[in-house]
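Structure record follows, encoded as structure tokens.
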Amino acid sequence: MAFRHLNELPLGDKIFRIELASDDDSTVTITLTGWHEDAPEILLASGALTVPLTEVPPLRIALNRALRALALVADVAEPIPDRDVLRELFPGHGAPWVPRHEEDLTRRFHDGETIARIAARFGRTPDSVRTKLRELGHDPRRPEYCPPDGCLSWSRYASPALVGGAEDPAQD
């Protein structure tokens, strides 16, 4: 899967180029260069980053955050919003849960599937999956104490005294 993608952006008398390239299926190299139009031999910016292809999704989030930080330092009014990156990485981000998905979520959770795998299955963030599990009465931290048909209250696991698992120190 060799590929090469170039993106040049002229800004006034400066030109910036970002190149993405891969010669194999395992790594991608991101190269940034910048120069004055009238003096291309003198670089204003240069650098390269080579990463495993498997690390591109989390790296995209990190790079987006770095671009936002640069925008703030440079006093640019409109940095790229994180939600756009989240929607691209997690297509279900922000969409309402439907009952059929809630049932499937609960079943997968109690079948021992990891939160990360469930999140990938539904195109959602792991935090979204944990939050929905709590809303449905399941404790994502302790599935063994929560039956598949739901718990009475997620907060009852906050203290063993509330579920009769330990003596209440206040009664001593």
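The values are calculated or read from the model by the stated rules, or taken from the named source; none is laboratory data. Model, not experiment: these values are computed from the prediction. Note that each Cβ is placed from the backbone with ideal geometry, even for glycine, and that neighbours are counted across all protein chains shown. Note: areas computed on protein heavy atoms with side chains; ligands, DNA, RNA excluded. Shrake-Rupley method; radii C 1.70, N 1.55, O 1.52, S 1.80 Å.
For the condition surrounded by fewer than 18 Cβ atoms within 10 Å (Cβ to Cβ) and either on the phi < 0 side of the Ramachandran plot or of a type in the set (Lys, Arg) (or both), what is the one hit in 107, 124?
Unique residue meeting the criteria: 107.
Could you tell me whether any residue of the range 108-124 is in a loop (DSSP other than H, G, I, E, B), closer than 30 Å to residue 70 by Cβ and either modelled with pLDDT under 75 or of a type in the set (S, T, N, Q) (or both)?
no
Considering only the range 33-48, how many residues are open to solvent by 70 Å² or more (accessible area, probe 1.4 Å) and either of a type in the set (Ser, Thr, Tyr) or within 30 Å of residue 90 (Cβ to Cβ) (or both)?
So the count comes out to 2.
Among the numbered criteria (1) assigned to a helix (DSSP H, G or I); (2) at pLDDT 85 or above; (3) open to solvent by 40 Å² or more (accessible area, probe 1.4 Å); (4) among the charged types (D, E, K, R), which one does residue 17 miss?
(1)
Return a yes/no flag: does the range 75-92 have any residue that is surrounded by fewer than 17 Cβ atoms within 10 Å (Cβ to Cβ), of a type outside the set (S, T, N, Q) and modelled with pLDDT of 85 or more.
no
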